[in-house]
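K.L.:
Here it is, the structure in full.
The values are calculated or read from the model by the stated rules, or taken from the named source; none is laboratory data. In this text, all values refer to a predicted model and were calculated from it rather than measured experimentally. So basically every Cβ, Gly included, is an ideal-geometry build from the backbone, and we count neighbours across all protein chains shown.
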Amino acid sequence: MTVIDRYNRQELIKGWNQELLSNARIAVIGSGYLANYTLTALAALGIGNLEIYDTAKVGEDKEFLLFSAELGESKVKSLEKILSKINPVSKIKGVGISFETPSLALMLGKPEIVIDVTNSSKSKSTILNYASSKGINVISASSDDDMAEVFINNLKENAFLKEYNGVKQGRVVSGIIGGMIAEEVRKMIMPLDKNDIPAKTAAYSLSAQRRFSKEKEGKFQKSDLKDKKILIVGAGALGNFAALGAALEGIGNIDILDFDEVDSTNLNRQILFYESVGKKKARALAEKILEIVPSANVKGIVGKLSEDSNYFKKNKPDAILDCVDSFAVRAIINYFAVRNNIPLISGGTNPRSGQVIVYEPGLSACLDCKIEVEKALAEQRKAASCRFAPDPSVIMTNQITGNMMVGEALKILDKNRGEPVRRILKYDSVAPVRGGLVGPGESCSCTKPEIKEWLGQIDQKLENKQIDLKTQP
Ligand SMILES: [Zn+2]
């Protein structure tokens with residue numbers, strides 16, 4: 001596989017200059033969940049020189065990148081090994097020294113950016129002071145189970161994130177903030193235009209109604225999810241992160257449905273396929289998730305969710321996670337969700353933003369009421385054409401959105417974890433405030449007839465010009 005292939009999808013983005021990323025040198029301090037997710041995004045993106053600093057050893061409770069590491073092994077050395085597989089083109093180096101070692105300054109030298117993702121205010125104070133004395137860009141972030149925060153080139157007291165000292169780092173929130181850190185890093189090294197400016201701070205809180213918030217609104221009593229079952233439709237970039245996040249959060253039964261094969265142009269964002277080019281995505285993803293979380297019951301199903309799918313005749317999952325990239329297929333997923341009364345969490349991305357829509361029967365509006373997916377299906381049925389032009393795609397929005405989807409799925413599966421969003425949950429790298437809720441929050445009372453009748457209704461509406469294709473999403 002060539003380097004050109006690997007970055008093909010992101011090089012389609014206007015203003016992209018991979019060389020700037022390939023020449024960059026970035027140091028990451030830490031080896032917990034936030035480091036795992038930040039490093040995954042930076043390595044896949046193609047940061048050319050990535051250094052990881054920490055002294056921790058692999059313990060019983062392994063972070064996801066350390067699934068094949070031996071107990072007692074140096075975590076940064078194990079991270080170096082696995083990240084070098086995820087992107088063999090990047091130079092990745094694990095350095096087993098801590099912020100307390102006087103030689104750290106010597107080793108660090110002057111990278112473009114230093115990122116402290118520990119839950120240690122002592123580490124942060126050393127790193128932030130060092131970076132500011134040398135004029136180096138510095139990012140400070142921490143997470144707990146429900147919330148993560150990041151400060152960029154901000155040396156105020158609150159950037160030391162004292163309240164996270166010694167606390168275990170969360171999974172989903174680390175996935176979201178790790179992806180956001182990589183996007184802000186990309187802006188620092190390779191801005192796409194003059195308005196592409198890094199944020200000063202950002203946060204994500206599973207307990208806050210607005211999600212992109214520094215507020216904690218209550219503490220959750222969490223129930224076990226090992227008997228819950230979800231269906232993930234689509235094993236691309238969103239599917240990779242949704243399946244990984246779901247398994248890490250303890251969702252016991254995961255079916256993954258996809259018909260496609262892994263291609264080398266997938267590797268800049270579909271992080272679990274580094275050994276799977278040429279294999280079926282559904283099976284490759286299920287196998288890798290099982291290696292990472294052996295206790296999960298994960299099944300890869302090779303196939304499409306089409307009009308004649310009989311999956312729902314035999315299965316009733318507790319939720320469906322829609323990770324596809326076609327509005328026409330979304331309409332079919334929405335049909336099965338409404339018809340069978342199954343909650344649906346739908347994710348979509350482009351290179352600069354991502355959104356999550358939750359349909360909970362009777363409580364929130366379905367996908368067609370929110371984004372009119374049936375128009376796209378009508379057009380596809382009329383044109384019956386199969387257009388193929390690759391869309392630009394990057395890891396960051398997929399990592400953020402896939403994890404936001406899991407965050408909402410947890411609330412659907414366990415009512416003790418608060419309400420899922422009713423409005424559209426949006427991440428936007430271009431907006432000054434990086435994310436929030438958009439659109440109305442009303443519910444709908446849609447029902448669906450037998451599938452043939454439903455498809456007939458769609459074709460009829462198109463005939464009668466009740467569907468205006470010009471405003472298709
Ligand atoms: Zn509806």
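K.L.:
Which numbered condition in (1) farther than 18 Å from Asn398 by Cβ; (2) out of contact with any strand residue (DSSP E or B) (no Cβ under 9 Å at 6 or more places or on another chain); (3) crowded, with 16+ Cβ neighbours inside 10 Å is the only one that Leu231 fails?
P.N.:
(2)
K.L.:
Next question, about the same structure. Residue under question is Leu321, and the condition is that it be within 22 Å of the chain's Cα centre (by Cα) and within 16 Å of the ligand (Cβ to nearest atom); does it hold?
P.N.:
Considered against the rule, which asks whether it is within 22 Å of the chain's Cα centre (by Cα) and within 16 Å of the ligand (Cβ to nearest atom), Leu321 comes out as no.
K.L.:
Hey, any hits in the range 413-429 for a residue that's surrounded by 14 or more Cβ atoms within 10 Å (Cβ to Cβ), within 19 Å of the chain's Cα centre (by Cα), hydroxyl-bearing (Ser, Thr, Tyr) and in a helix (DSSP H, G or I)?
P.N.:
no
K.L.:
Same structure again: Given the range 199-274, what strands (runs of 3 or more DSSP E) lie entirely inside it while holding 1 or more residues that are more than 30 Å from Glu184 (Cα to Cα)?
P.N.:
Hits in the range 199-274: 229-233, 253-258.
K.L.:
Hey, another quick one. Restrict the check to the range 404-422 and report whether at least one residue is away from the ligand (no atom under 16 Å from the Cβ), within 30 Å of Val185 (Cα to Cα) and basic (Lys, Arg).
P.N.:
Checking the range 404-422: not a single residue is away from the ligand (no atom under 16 Å from the Cβ), within 30 Å of Val185 (Cα to Cα) and basic (Lys, Arg).
K.L.:
Something else about it: Mind checking whether some residue in the range 12-28 is surrounded by 23 or more Cβ atoms within 10 Å (Cβ to Cβ), closer than 30 Å to Ala296 by Cα and at pLDDT 95 or above?
P.N.:
So far as the range 12-28 goes, no, none of its residues is surrounded by 23 or more Cβ atoms within 10 Å (Cβ to Cβ), closer than 30 Å to Ala296 by Cα and at pLDDT 95 or above.
K.L.:
Report, ordered by the first and then the second residue, all pairs with beta carbons closer than 6 Å, sequence separation of six or more or different chains, a first member in the range 421-439 that is farther than 14 Å from Arg211 by Cβ and of a type outside the set (S, T, N, Q), and a second member that is modelled with pLDDT of 95 or more and assigned to a loop (DSSP other than H, G, I, E, B).
P.N.:
Taking only residues 6 or more apart or on different chains, the pairs are Val430/Arg352; Gly439/Arg423.
K.L.:
Please state which of the following conditions Glu463 fails to meet, knowing it meets all the rest: (1) without any contact (Cβ under 8 Å) to a residue 60 or more places away in the chain; (2) touching a Ser or Thr at 6+ places or on another chain (Cβ under 8 Å).
P.N.:
(2)
K.L.:
With (1) in contact with a strand residue (DSSP E or B) (Cβ under 9 Å, 6 or more places away or on another chain); (2) surrounded by fewer than 19 Cβ atoms within 10 Å (Cβ to Cβ) as the list, and Asp255 as the residue in question, which single condition is left unmet?
P.N.:
Failing condition for Asp255: (2).
K.L.:
If you don't mind, there's one more thing I want to ask. Out of the residues in the range 345-367 that are within 16 Å of the ligand (Cβ to nearest atom) and surrounded by fewer than 21 Cβ atoms within 10 Å (Cβ to Cβ), which is farthest from Glu184 (Cα to Cα)?
P.N.:
Gly362
K.L.:
Given the criterion more than 25 Å from the chain's Cα centre (by Cα), aliphatic (A, V, I, L, M), over 26 Å from Gly245 (Cα atoms) and not in a strand (DSSP E or B), identify the matching residue among Ile13, Ile97.
P.N.:
So the residue among Ile13, Ile97 that is more than 25 Å from the chain's Cα centre (by Cα), aliphatic (A, V, I, L, M), over 26 Å from Gly245 (Cα atoms) and not in a strand (DSSP E or B) is Ile97.
K.L.:
Scan Lys313, Lys382 and give me the residue that is in contact (Cβ under 8 Å) with a residue 12 or more places away in the chain, basic (Lys, Arg) and assigned to a helix (DSSP H, G or I).
P.N.:
Lys382 is the lone residue from the list that is in contact (Cβ under 8 Å) with a residue 12 or more places away in the chain, basic (Lys, Arg) and assigned to a helix (DSSP H, G or I).
K.L.:
Still on this model: Could you check Asp391 against (1) more than 14 Å from the ligand (Cβ to nearest atom); (2) surrounded by fewer than 23 Cβ atoms within 10 Å (Cβ to Cβ); (3) at pLDDT 95 or above and say which number it fails?
P.N.:
Exception for Asp391: condition (3).
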